[in-house]
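Below: one structure, written as structure tokens.
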Amino acid sequence: MGLTSSLSVAVNGNLTSALDLTTAAAPVAVRAATTWQSGTGAGKADRLFSDRRSLNASATEDLDLAGVLLDVFGAAITWARIKGLYIRAADTNVNNVVVGAASSNAWATLLGATSTLTLRPGASIGLTTGAADTTAYAVTAGTGDLLKVANSGAGSAVSYDIVIIGASA
């Protein structure tokens with residue numbers, strides 16, 4: 001079973017200002033993309049998880065990255081390294097989706113040991129380690145394999161989409 005995957009972010013904008021005889025423009029177009037071929041070394045990934053998930057009011061969940069989540073074929077996924085992550089909070093959420101603050105794990109490198117990332121309704125984040133990065137975000141057994149996701153408040157459930165790309169070794 002092979003996997004070819006990519007994650008990209010694009011920003012486009014054009015700031016204009018009307019002048020006496022012309023309109024000045026400052027266009028910007030920035031795109032960052034990483035593509036991984038099938039495998040486990042630099043520039044490679046062999047594991048993919050995607051799901052639309054819901055959390056009840058004030059609920060949290062720890063996504064266990066070592067043998068608990070299932071791929072589309074029903075096989076348990078065990079990552080050694082996470083190379084790409086995408087999370088999007090549903091537009092219809094009332095509460096925020098909060099990512100992070102699990103005990104020592106791979107995300108401490110990104111968020112800090114006690115930090116979180118808050119996604120307001122409709123917000124998304126995509127991050128990649130880059131194709132040449134062989135270390136990526138290491139996943140370790142025990143509590144070092146957890147990605148915590150939480151509903152920020154009471155009163156209503158939240159939904160979010162998640163895609164995780166990584167390698168088994």
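Quick note: the coordinates plus some simple rules give every number you see, no bench work behind them. As the structure is a computational prediction, the values presented were derived from the model and not from experiment. For neighbour counting, all protein chains shown are included, and Cβ atoms are generated from backbone atoms with ideal geometry for every residue, glycine included.
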Next item on the list: Of the listed values (1) 19; (2) 27; (3) 12, grab the one calculated as percent of Cα pairs over 29 Å apart from the structure here.
Entry: (2)
Notebook entry, point to check: Mind checking the dipole of the chain: about its Cα centre, +1 per Lys or Arg Cβ, -1 per Asp or Glu Cβ, Debye to the nearest 20?
Noted result: 120 debye
Next item on the list: Give, as a single signed number, the net charge of other residues whose beta carbon lies under 14 Å from the beta carbon of residue 2, with Lys and Arg counted +1 and Asp and Glu -1.
Entry: 0
Notebook entry, point to check: Given Cα pairs under 8 Å that are at least 6 residues apart, what percent is the relative contact order of the chain?
Noted result: 33 percent
